[in-house]
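Next up is a structure, given as structure tokens.
The values are calculated or read from the model by the stated rules, or taken from the named source; none is laboratory data. Here the structure is a predicted model, which means the values were calculated and not measured. We place every Cβ from the backbone using ideal geometry, glycine too, and count neighbours over all the protein chains shown. Quick note on the areas: whole protein, heavy atoms, side chains included, nothing else; ligands and nucleic acids left out. Shrake-Rupley method; radii C 1.70, N 1.55, O 1.52, S 1.80 Å.
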Amino acid sequence: MGCNPAIIFSLPHGVNVDDFRPERKNLELARRIGVRPDDLGKNIALFVGNYNAYKGAEFMTEAILNFRSDDRLVFLIPDNGPVFLKHADELNALPNVYAYPPIDDQQMPDLYNLADIVVIPSMRCPGTSSDRSPNSLTEAMASGKAVIGTAVGGIPLIMGNAGLLIAPNDSNAIVEADRKSTRLNS
């Protein structure tokens, strides 16, 4: 564009750390979502955002369905989006899956603080850079959560060494990363 590269600086996506920070679990929100009290003591893996293919929800769903034998991990996923609707019966039948309704912006920090692990399974899309800068990643990190993210778009740059980077488009990588995180958090 004719600009001097020496005066161009990249600013990473920011997050309000007054809102997103480690806090105690909001028991009222957990009750509203339907999380059983005994499940609050388990490792909780959270998916934030529209549950669609672009965000890797198909791979997350495969991972959840493959993970059903481990009772140390609970999943919180949104009850909206085309991938959730496609698999709603299967997901709702699992005792370790809670589908949460839309959460208003003021309660998003509380949602993150219900979780121990936040999974950002964004998919690699041919011909595009995939998920460039997911808010869920910076919000999860500011909330002090363990983060599992795929190596696509801006996720590796934003995450740095602050989380576990996995291969995209691979539900088995999500399962293995969740198992590893569960062992570390137990």
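Just add up the charged neighbours of VAL118: K/R +1, D/E -1, any other residue whose Cβ is under 12 Å from the Cβ of VAL118.
Within the 12 Å Cβ shell, the charges total -2.
With respect to the cross-link table entries LYS25/LYS145; LYS86/LYS145; LYS25/LYS55; LYS55/LYS180, which display a Cα-Cα separation exceeding 20 Å?
LYS86/LYS145; LYS25/LYS55; LYS55/LYS180
Counting each DSSP H run of 4 or more residues in the chain as -39500 (n - 2.57), what helix-only mean residue ellipticity at 222 nm follows after dividing by all residues, to the nearest 500 deg cm²/dmol?
One gets -9500 deg cm²/dmol as the mean residue ellipticity at 222 nm.
Also: Excluding TYR54 itself, what net charge comes from residues whose Cβ is under 13 Å from its Cβ, given Lys and Arg +1 and Asp and Glu -1?
Counting the neighbours of TYR54, the net charge comes to +1.
Taking the Cα centre of the chain as origin, sum charge times position over the Cβ atoms of Lys and Arg (+1) and Asp and Glu (-1), and report the length of that vector in debye to the nearest 20.
The calculation lands at about 320 debye.
Going through region 7-116, which chymotrypsin sites (Phe, Trp or Tyr not before Pro) have at most 10 other Cβ atoms within 10 Å and a DSSP loop state?
PHE9
Continuing with the same structure: First compute the accessible area of region 2-147 with a 1.4 Å probe, then give the percent of it belonging to carbon and sulfur atoms.
After summing per-atom areas, the C and S share lands at 54 percent.
Skip the ligands, DNA and RNA, and give the accessible area per residue of region 37-109 with a 1.4 Å probe, whole Å².
Value for region 37-109: 45 Å² per residue.
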